[in-house]
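See structure below.
The values are calculated or read from the model by the stated rules, or taken from the named source; none is laboratory data. Computed from a predicted model, the values in this text were never measured in an experiment. Neighbour counts are summed over all protein chains in view; Cβ atoms, including those assigned to glycine, are modelled from backbone coordinates with ideal geometry.
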Amino acid sequence: MLKRSGLAASVLLLSCWLGYAKDKKKPLLPEDILRAQTVLVVIDPNAGMDITDPNANRIAQEDVEKALMKWGRFSLAMEASTADLIITVSKGNGKAVEPTIGGVPMNNRPVIFEPTDSGGRVGVSQGNPQSGPPDPRPQTTVGPTLDMFVVYRGNKDAPYSSALDAPAVWRYTTKDALHSPDVPAVDVFRNVIAESEKQLAGKP
């Protein structure tokens with residue numbers, strides 16, 4: 001009986017290893033994502049404004065933009081119509097249910113100046129224009145307790161909200177993924193792109 005159990009366990013381990021090896025041959029990211037040149041960074045529309053830290057998501061958005069500019073692979077888009085990719089960010093605070101402020105247009109930034117060691121950008125952002133004035137109101141937000149960094153394909157013929165209705169291309173959710181100012185999520189995304197390019201090139 002022990003020998004039979006040991007054989008079954010060996011077969012199971014071999015099957016898992018073969019499945020893992022097979023999955024490793026599949027590119028982590030599709031080719032069209034690797035060809036992307038422009039990216040728009042927005043705050044997740046479903047994220048409310050944290051009452052105890054109202055600037056958390058805005059800071060995370062700006063830190064991600066600075067990290068992307070420092071990387072230098074992508075140009076930052078000022079609006080969805082020029083974005084190949086859209087990245088949404090949302091800070092977690094460890095609470096699954098929390099009181100927040102809704103009705104605040106968090107993705108409206110009239111003028112942007114983002115200095116970095118390699119330069120900066122100045123422009124007008126139209127990430128989430130609203131037809132009416134802000135309508136701040138208390139609400140309860142139920143969502144992830146961890147930081148979220150999610151990548152979507154851009155849809156240049158529609159508002160960015162339409163692009164976010166499609167399945168995400170890649171997501172990274174963990175504690176301190178958007179930690180200021182180093183932003184580990186951008187480093188992980190950079191490594192995933194590098195690994196995907198190696199796989200597509202047939203390198204070990």
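Key figures
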| read-out | value |
| --- | --- |
| Residue in the range 15-26 that is within 22 Å of the chain's Cα centre (by Cα) and modelled with pLDDT of 55 or more present | yes |
| Which numbered condition ASP44 misses (of (1) acidic (Asp, Glu); (2) modelled with pLDDT under 75; (3) closer than 17 Å to PHE149 by Cα) | (2) |
| The range 152-181 residues that are closer than 20 Å to PRO30 by Cβ and in contact (Cβ under 8 Å) with a residue 60 or more places away in the chain, paired with ones that are among the charged types (D, E, K, R) and in a loop (DSSP other than H, G, I, E, B) (beta carbon under 6 Å, 6 or more apart) | GLY154/ASP84 |
| Test: SER196 is among the hydroxyl-bearing types (Ser, Thr, Tyr), over 19 Å from LEU40 (Cβ atoms) and touching a Pro at 6+ places or on another chain (Cβ under 9 Å) | yes |
| Total residues in the range 40-76, condition in a helix (DSSP H, G or I), in contact with a strand residue (DSSP E or B) (Cβ under 8 Å, 6 or more places away or on another chain) and farther than 16 Å from PHE189 by Cβ | 4 |
| Selection count, the range 146-166, where residues are closer than 17 Å to ALA56 by Cα, among the acidic types (Asp, Glu) and surrounded by fewer than 19 Cβ atoms within 10 Å (Cβ to Cβ) | 0 |
| When residues of the range 35-55 are limited to those that are free of Cβ contacts under 8 Å to residues at least 60 places away in the same chain and of a type in the set (Asp, Glu), the one farthest from SER161 (Cα to Cα) | ASP53 |
| Meets criteria (modelled with pLDDT of 90 or more and on the phi > 0 side of the Ramachandran plot) for VAL183 | yes |
| Qualifying residue in the range 95-116 (condition: assigned to a strand (DSSP E or B), surrounded by fewer than 16 Cβ atoms within 10 Å (Cβ to Cβ), at pLDDT below 95 and out of contact with any strand residue (DSSP E or B) (no Cβ under 7 Å at 6 or more places or on another chain)) | yes |
| Search result, residues across the range 167-199 that are assigned to a loop (DSSP other than H, G, I, E, B) and either surrounded by 18 or more Cβ atoms within 10 Å (Cβ to Cβ) or more than 11 Å from the chain's Cα centre (by Cα) (or both) | PRO167, LYS175, ASP176, ALA177, LEU178, HIS179, SER180, PRO181, ASP182, VAL183 |
